Structures are given as structure tokens and as C-alpha cells.
Amino acid sequence: MKKLLLFVAAMAMIAALPIQAQVKIKAVAESNRYDGTDGVHEKGDQMVSDYVGYINGKAMFIVENGIYSFNVDADAGTVSTPVKDPAVNKSDFYSGGQVTDPDKAAWASNFNLMIGNSGAVYIDGVIATIFSRDYQSTTDEELFAVRKWDAKTGNLLAGANDFFHANTNIESAGMAYNPVDGKVYGLFYLTEQQLRSEITDDPDFFVDEDGDATSTDAGYCICTIDLQTMKITPVTPGLYYYNFITFAINSEGRAFALTSGGSNGAINADGKMEDINGNLSGAQLCEFDLTTGLMQLIEVPAVDEETGEPYVAYENIYPATGYASQYRRQSACFAASNPYKMYWNGYYNSGKGINDNGSWSSLSDKEWITNGKYDTCIYEIDITTGNCRRVAKIPNRWIFSCMWVEGDDSSDGSGLGEYISKTVTSGIDEAKTATTHAPLQIFNAAGQRVSDMNQKGLYIVRQGNDTKKVLVK
């Protein structure tokens with residue numbers, strides 16, 4: 001029985017700073033679910049929208065997508081109700097059944113585009129969101145929509161019509177700024193990647209059982225990303241196959257990810273799940289070395305069950321958290337002033353439990369209010385010990401695609417915000433054939449508006465705030 005040995009990096013465990021009693025967290029809303037008790041929303045409402053009119057060729061909506069803020073008091077065990085920040089007040093632009101301020105209405109309606117289902121990140125006053133469109137309703141050339149936002153005003157800075165090809169691989173479990181080297185890293189899901197030879201050359205690791213397997217695979221990889229060009233550069237010499245749900249970097253440049261964890265186990269006196277051996281189970285905290293992209297591991301003596309021979313195994317540094325969270329979009333962050341406490345917005349449970357038939361299965365959607373299937377909460381993790389505790393449930397079951405501590409984020413003042421919000425408009429992009437997906441506005445060399453680029457020549461292409469030259473040969 002062969003073992004794949006992984007690089008082991010030493011980790012210095014440092015004494016934790018005093019716990020901050022309260023922090024104000026801001027976040028990009030991804031989903032929520034109302035139980036109908038607030039007197040405003042009906043039972044089951046999720047991210048509701050309100051149509052207010054059709055102006056300048058565009059339908060206007062007031063949506064619940066946007067930037068939110070809430071307070072977390074770890075000592076008191078409380079989480080306040082998330083509120084939209086900046087607020088959107090319908091009366092500011094709509095009265096008497098009509099829009100009174102088209103500009104404010106357009107600003108409010110733009111939040112409909114603030115979706116980070118493939119990742120989002122806050123960097124130095126700017127938010128970047130990556131929206132993965134449905135494969136069945138779009139083309140590979142326009143799979144990912146990338147937008148940039150002012151984190152204070154909510155203004156859309158760039159990307160109203162910026163789309164990226166599927167092969168850019170910019171879907172991630174999360175992204176974060178590293179203050180040590182000034183780069184942005186992410187745990188990206190890469191597809192069609194060449195597997196390492198020590199895997200493909202060894203039948204114990206790679207067996208073509210059905211005759212159609214290749215030497216390529218898909219999985220997660222630590223990468224750097226340029227948030228202006230959206231180009232990623234892999235760091236990890238290989239892929240990870242865990243169900244990663246979020247990624248964060250503290251002010252010391254240490255990178256962490258969480259897995260979704262298991263769905264079953266006995267509950268101990270602390271309310272945490274344990275496996276049959278009494279060890280904590282559930283979501284796993286993982287640390288990565290950003291210089292190599294490799295997961296931090298420790299050596300553990302082990303014995304081969306088949307041969308009885310001793311060998312050295314490699315295990316995670318941290319114990320499991322004891323909490324199982326669903327494999328869906330989640331987020332985490334650190335306060336720059338306290339690099340040893342990580343805040344994690346996860347689900348309260350795995351979405352599974354004992355069903356009506358007495359077996360362990362997915363909990364019923366019909367009973368989600370009482371069985372807690374969609375409940376979310378804030379967890380606090382001490383990275384010096386790996387100890388995780390629930391702070392409190394989040395009112396209205398909010399889940400966020402990214403979070404940051406207001407006024408206390410490692411990226412603040414880095415100067416990256418201005419860079420990533422700029423539009424790339426350099427030079428001439430060459431195309432051997434005309435595009436089959438015409439951009440929003442196309443002009444020929446004479447400045448005349450045309451409908452497509454079916455003829456050879458130089459064109460001026462305008463997409464929202466972006467303008468570039470395209471040469472069709």
C-alpha cells in the first residue's frame with residue numbers, strides 16, 4: 001500500500017492577542033431566507049426585488065442584493081441583524097407611481113448585478129464580484145461576469161458588461177489580500193489540469209477503469225490573481241479535492257481554508273460532533289503555505305493495516321471544528337488588529353438529520369423553519385488552537401460571499417483599490433475571426449455605429465465603461 005508523501009512545513013504557534021469584544025463586519029449578500037415573522041416579508045422570501053419602472057431602455061428594480069453591515073460581539077455571544085449599508089431608500093427616487101430620480105434609481109438597480117456566487121473579495125475600499133452564469137443559458141466565452149464596486153458608496157465602478165471565458169478558471173472558494181507580499185490569493189477551482197507524473201505513472205493512484213479517463217483532472221489550487229486582468233497564476237504543484245467553502249488570510253500572511261465537514265456524529269456536552277473514537281468531526285480548518293501553495297501538515301506515526309509495517313503519515317495541524325456546515329457559498333475574515341481570531345459565516349448544520357422515516361437524510365424543505373436546515377451563524381475560530389465556537393445565529397439566515405472588518409482590514413491603505421477598479425484599455429486586441437457575441441456598442445474606423453464585426457478591419461468596441469480597439473483579420 002503506497003502513500004503519497006506531501007511537503008511538511010513548520011509552523012510557529014504564537015500566543016493569541018486579547019479577543020476583541022465587538023467588531024463591525026461588512027459583507028456582500030449572497031442569499032437569505034425569511035420566516036415571515038418580521039411583518040414585511042412572507043415566509044420563504046429570499047433576496048426579494050421590487051420593479052419600479054423602465055427607464056432609458058433598462059428595467060429598474062429595488063433589490064436586496066448589496067452590501068450589508070452587522071455587529072459581532074464574541075464575548076456576549078450576539079450577532080446583530082444585517083442591514084443594508086449603504087441603505088437604499090425607495091422614497092429618494094420613486095414617488096407617485098413613477099421614478100423621480102433616474103440616476104439614483106439606476107444606482108439602486110445596479111445592486112442586482114452584485115452577485116458573487118463564484119467568489120467575491122474586498123480589497124482596499126473596492127469589492128470585486130465574480131458571477132458564474134448558467135452553463136445551459138450562456139456560452140463558454142461569456143461564463144464569468146466580473147464587476148468592481150466602491151465598498152462605501154456601492155457605486156458600480158467597472159464591469160457592467162465584462163465577461164470572461166470558462167477556461168480562465170476564476171471560480172474560487174474565496175479570495176484574500178496578503179499584506180506580506182501585497183498580492184491577492186485565492187483557492188481556485190481549476191479544470192482540465194495536467195496531473196503530476198507521480199500520480200499518472202503509478203496505477204495505485206491513477207487507473208483508467210472505463211477507458212475514457214485522461215491525465216487531466218479538476219480540483220482546488222492556491223493561485224494569485226490580478227484583479228484588473230483577472231489572470232490567475234497557480235502556486236500549488238497539484239490539486240486538492242476537499243470540499244472547500246471559504247478562504248481567508250490574516251495580517252501575518254497566514255492563509256486558511258475551511259471544508260464543509262461531515263453530516264453525522266454524536267453530539268458531546270459542548271454541542272460539538274464527535275466520531276466513533278470520540279474525536280471531533282465536522283468542518284476542517286486547513287492552513288496553506290503561500291510560498292509553495294501546500295497545505296501545512298504534521299508527521300504522525302502509523303502502521304500499515306495490510307502489512308503491519310510502520311510508516312509516517314501526514315495529518316492536518318488542526319483538529320476538526322466539531323461543526324458540520326453545508327457545501328455552499330460561505331465566507332470568512334480576520335480583523336487586521338487581531339490575526340488569531342477568524343470570523344466564519346457558515347451554516348448552523350449540514351442540512352441533514354433524522355427524517356420522518358427515522359433515517360439520516362437531507363432535512364425537509366417544508367419544515368426548514370423548525371428543523372433549521374437553512375439556519376446560518378457566525379463562528380469564531382482561534383487559529384492558535386483550532387478551537388471553534390458558535391457566536392450566534394444570524395437573523396433571517398443571511399449568507400455572504402465575502403466579509404471584512406470595517407476600518408480594520410489588512411488591505412486598507414495598500415493602494416490596490418485604485419488599481420483593481422481601473423479598466424484595462426491597452427493596445428489592440430487581435431482576432432482572426434469576427435466575434436459571434438457582439439458587445440454593447442461597436443464603431444468602425446470612421447466612427448460609425450455598426451451592429452457587428454463581420455468585416456475585416458479596425459473597430460472601436462465600447463462595453464459599459466470599457467473602450468478598446470479590436471483588429472479583425
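The values are calculated or read from the model by the stated rules, or taken from the named source; none is laboratory data. Small disclaimer: the values here were computed from a predicted structure and weren't measured. Neighbour counts run over all protein chains shown; Cβ positions are idealised from the backbone, glycine included. Each accessible area value is taken on the protein alone, full model and side chains, heavy atoms only, with ligands, DNA and RNA left out. Shrake-Rupley method; radii C 1.70, N 1.55, O 1.52, S 1.80 Å.
Considering the dipole of the range 316-397 built from charges on the beta carbon (Lys and Arg +1, Asp and Glu -1) around the Cα centre, which of ALA320, ASN387, PHE334 is farthest to its positive end?
Of the candidates, PHE334 comes out farthest on the positive side.
At a probe radius of 1.4 Å, what is the per-residue accessible area of HIS41, in Å² to the nearest 10?
Per-residue accessible area (HIS41): approximately 30 Å².
Using unit Cβ charges (K, R positive; D, E negative) and no other charged atoms, how large, in debye to the nearest 20, is the dipole of the range 242-293 about its Cα centre?
That gives the range 242-293 a dipole magnitude of about 100 debye.
Would you tell me the accessible area of TYR185, worked out with a 1.4 angstrom probe on the heavy atoms of the protein chains, in Å² to the nearest 10?
Only protein atoms counted, so the area is about 10 Å².
Along the charge dipole of the range 57-168, Cβ charges K/R +1 and D/E -1, which of LEU143, GLY77, ALA160 sits furthest on the positive end?
Positive-end residue among those listed: ALA160.
Considering only Cα-Cα distances, which of the following residue pairs are longer than 19 Å: LYS183/LYS469; LYS26/LYS272; LYS231/LYS422; LYS152/LYS422; LYS422/LYS456; LYS43/LYS90?
LYS183/LYS469; LYS26/LYS272; LYS422/LYS456; LYS43/LYS90
Provide the net charge surrounding ASP375, with neighbours chosen by a C-beta distance below 14 Å and charges set as Lys +1, Arg +1, Asp -1, Glu -1.
Once all neighbours under 14 Å are counted, the net charge is +4.
How large is the accessible surface of ASP270 in square angstrom, using a 1.4 angstrom probe and rounding to the nearest 10?
Using a 1.4 Å probe on the heavy atoms, I get roughly 120 Å².
Ratio to report: Rg/Rh of the range 70-176, with Cα atoms as the point set and Rh obtained by the Kirkwood method; give two decimals.
On the Cα set of the range 70-176, Rg over Rh gives 1.06.
Kindly report the accessible area of the range 248-306 per residue (heavy atoms of protein chains, probe 1.4 Å, no ligands, DNA or RNA), in Å².
46
Size of the range 240-388 along its principal axes in angstrom, Cα-based, largest extent first?
49, 47, 29
In whole angstrom, how long is each semi-axis of the equivalent ellipsoid of the range 250-310, when you take the square root of 5 times every eigenvalue of its Cα gyration tensor and sort them from largest down?
Sorted largest first and rounded, they come to 26, 23, 9 Å.
From largest accessible area down, sort THR37, THR233; use a 1.4 Å probe on the protein chains.
THR37, THR233
Once the other residues with Cβ under 15 Å from the Cβ of GLN46 are scored (Lys, Arg +1; Asp, Glu -1), what is the net sum?
Its environment carries a net charge of -3.
So, with +1 on the Cβ of K and R and -1 on the Cβ of D and E, and no other charges, what is the size of the charge dipole of the range 287-339 about its Cα centre, to the nearest 20 debye?
Once rounded to the nearest 20, the dipole reads 640 debye.
Taking the Cα centre of the range 292-412 as the origin, how large is its charge dipole in debye, to the nearest 20, when only Lys and Arg (+1) and Asp and Glu (-1) carry charge on their Cβ atoms?
It works out to roughly 760 debye.
What do you reckon, how do PHE61, PHE400 stack up by accessible area (1.4 Å probe), largest on top?
Final ranking, largest accessible area leading: PHE61, PHE400.
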